[in-house]
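Below is one structure; the comments refer to it alone.
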Amino acid sequence: EMPKLSEHLLDVIKIEFPRSEQAGQAPVENIEQKLEAEGRADVYGIYFDFNSDRIKPESAAVIAEIAALLKKNPDWTLSIEGHTDNIGSDAYNLDLSKRRAAAVKAALVNDHGIDGNRLTTTGHGASMPKESNDTLAGRARNRRVELVRK
């Protein structure tokens, strides 16, 4: 039998990008360290309009952090991978995740002068979840951009 959830439980819809005061270091260093050590980093804090590839304005700080990382490491090329939750059809989510990854690349190129040849994009839709899609928190963790160092 399922335990009764507290009525005070708050649903998580957004995963906040950790700010440097809390982490003790700049968030870009966290992403950079993951890319150096593992060749892959999950990025949260890039938000899109619902069912859209339009990047929300509050995503600007995270995109600027990624641009700074690319400028600091001029020999790096990255793949930008889009991931969605499982709400909607597989075909729709696959297309949406590809368009969202392309939108992140466009922002890096157009707003920050990053050479587009350093960035490739792909989408995986809901095929690579981090957590169960049965909860709002799980779906929020599954909606993400991953950077992969090539």
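The values are calculated or read from the model by the stated rules, or taken from the named source; none is laboratory data. Because the structure is predicted, anything quoted here is derived from the model rather than measured. Reconstructed Cβ throughout: ideal geometry from the backbone, glycine too, with neighbour counts over all protein chains shown. SASA here: full protein model, heavy atoms, side chains in, ligands and nucleic acids out. Shrake-Rupley method; radii C 1.70, N 1.55, O 1.52, S 1.80 Å.
Remarks
- Taken together, the residues in segment 78-108 that are of a type in the set (Val, Ile, Thr), touching a strand residue (DSSP E or B) at 6+ places or on another chain (Cβ under 7 Å) and over 13 Å from Arg144 (Cα atoms) amount to 0.
- Residue check for Ala64: out of contact with any Asp or Glu (no Cβ under 7 Å at 6 or more places or on another chain), in a helix (DSSP H, G or I) and over 13 Å from Phe48 (Cβ atoms): yes
- Only one of the numbered conditions (1) among the charged types (D, E, K, R); (2) surrounded by 14 or more Cβ atoms within 10 Å (Cβ to Cβ); (3) modelled with pLDDT of 95 or more is not met by Asp85, and that is (3).
- The set of residues in segment 65-81 that are over 24 Å from Ser127 (Cα atoms), of a type in the set (A, V, I, L, M) and open to solvent by less than 40 Å² (accessible area, probe 1.4 Å) comprises Ile66, Ala67, Leu69, Leu70.
- Qualifying residue in segment 10-22 (condition: modelled with pLDDT of 65 or more and open to solvent by 60 Å² or more (accessible area, probe 1.4 Å)): no
- Some residue of segment 127-143 being modelled with pLDDT under 95, open to solvent by less than 70 Å² (accessible area, probe 1.4 Å) and within 17 Å of Ile63 (Cα to Cα): no
- Among residues of segment 88-120 being open to solvent by 60 Å² or more (accessible area, probe 1.4 Å) and not in a helix (DSSP H, G or I), the one that is nearest to Arg40 (Cα to Cα) is Thr120.
- Residue in segment 88-123 that is modelled with the lowest pLDDT, counting only those that are small (Gly, Ala, Ser) and over 17 Å from the mean Cα position of the chain (by Cα): Gly88
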